[in-house]
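Report on one structure; see the data block that follows.
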Amino acid sequence: MVKLVHISVRMMTKNFERITLSDIDAICHACCTYDMKPLSKEQQAKLHLEYGEKDFDLKLSKNSFAKYMPDVKVVIRKGYPHCGYMAAHTKEYVEEIETFIK
């Protein structure tokens, strides 16, 4: 497992090294400019939303949840940053996602 983690970390590092400022601008634009529309209950039932308590955009996102996705059960991981829980508890996270998909 340690070797696999080491390989993954090296791969991620190499990917980060390739990102240009133009790439970052494009990612930020894609993540911050979209036209949200209210989702049907059927669409909401297919969503799994998860945030860390320390996620940089959690406060702003909570407003969107209430307005556009009021029936989605949003998971907020206490004490974790963005993607922190899934990185620290990968096995448990995968099991939760598999259960959700079923």
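Worth pointing out:
- Contacts under 9 angstrom Cβ, first residue in segment 44-65 being over 12 Å from His82 (Cα atoms) and assigned by TED's automatic domain parsing to the domain that holds Cys83, partner outside any helix (DSSP H, G or I) and acidic (Asp, Glu), 6 or more apart: Gln44/Asp71; Ala45/Asp71; Ser61/Asp55
- Selection from segment 58-102 of residues that are of a type in the set (Asp, Glu) and under 16 Å from Met36 (Cβ atoms): Asp71
- Counting only helices (runs of 4 or more DSSP H) that sit wholly inside segment 21-102, those with at least 3 residues that are under 27 Å from Val9 (Cβ atoms) and out of contact with any Pro (no Cβ under 7 Å at 6 or more places or on another chain) are 21-32, 84-88, 90-101.
The values are calculated or read from the model by the stated rules, or taken from the named source; none is laboratory data. This one's a predicted model, so the numbers in the text were calculated from it and none came from an experiment. Methodologically, a virtual Cβ is constructed for each residue, glycine included, from the backbone with ideal geometry; neighbour enumeration extends over all protein chains shown.
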